[in-house]
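Let me give you the structure first, and then I'll get to my questions.
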Amino acid sequence: MNKAIRLIAAGTLLAAGLPLSAMAQTITVNATVNSQCNIGNATVTFGALTLGAQTDNTGSNITLTCNRGATVSVALNDGANANLTQKRMRRGVTTDYINYSITVPTISGVTTTCPALPGTSWNATNTLVATPLFSANGGPRDLALCVSVPSGQFDLGAGAYTDTVTATVTVS
């Protein structure tokens, strides 16, 4: 019976046009976007090398995707077959190696290009500061892989030579 009286009283107030009390609250919505980047995989293929001649491969890229305003640098290690800081490709499980280098590309606007050789070796010390590529817009950018096999390597056994280089992206 008590409930019925309350419902009748509420109905009477509404019918009389008297407002029920209302409360308003604000809702705050927050988000934080950190600088972030992703880097893709790449393969550089020279094909058949000419004995003793310098061979350059400047047609390969690796894609770096970052958000706008990212402060980013990319370092390369010296590869799985390095001799000190000399990058080398190895033929199978033999002791046959081909020396090669990867140089730091030049940034112009939102693109990178290979500099005149010999260029600066791209390694853990000489990194690519890619921040200018993302100052105006985020998104994918192709980083030129400027790879060169120097001349004068005559004592090479026939076969396929490979190496694996690791790219490390630092975002702050």
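Given the conditions (1) more than 23 Å from THR125 (Cα to Cα); (2) at pLDDT below 90, and given that ASN57 satisfies all but one, which numbered condition is not satisfied?
(1)
Of the conditions (1) of a type outside the set (Asp, Glu); (2) within 21 Å of PRO132 (Cβ to Cβ); (3) out of contact with any helix residue (DSSP H, G or I) (no Cβ under 6 Å at 6 or more places or on another chain), ALA70 satisfies every one except a single condition; which number is it?
The one condition ALA70 does not meet is (3).
Still on this structure, please answer the following. For the range 78-142, please list each of the strands (runs of 3 or more DSSP E) lying entirely inside it that holds at least 1 residues being among the charged types (D, E, K, R). Outline the logic, then answer.
Values: elements: 87-91, 97-103, 106-108, 111-113.
Answer list for the range 78-142: 87-91.
Inside the range 138-169, can you point out the residues that are more than 16 Å from VAL104 (Cα to Cα) and either within 22 Å of the chain's Cα centre (by Cα) or of a type in the set (D, E, K, R) (or both)?
Selection gives GLY138, GLY139, PRO140, ASP155, ASP163, THR164.
Considering only residues that are in contact with a Lys or Arg (Cβ under 8 Å, 6 or more places away or on another chain) and not in a strand (DSSP E or B), look in the range 157-172 and name the one that is nearest to ILE102 (Cα to Cα). Talk me through it step by step, then tell me what you get.
Of the range 157-172, the ones in contact with a Lys or Arg (Cβ under 8 Å, 6 or more places away or on another chain) are 157, 159-163, 165.
With the extra rule that they be not in a strand (DSSP E or B), the set shrinks to 157, 159-160, 163, 165.
Details: GLY157: 23, GLY159: 22, ALA160: 19, ASP163: 12, VAL165: 10 Å.
Once the filter is applied, the top-ranked residue is VAL165.
The values are calculated or read from the model by the stated rules, or taken from the named source; none is laboratory data. On a predicted model such as this, the values are computed, not experimentally measured, just so you know. All Cβ positions, glycine included, derive from the backbone under ideal geometry; neighbour counts span all protein chains shown.
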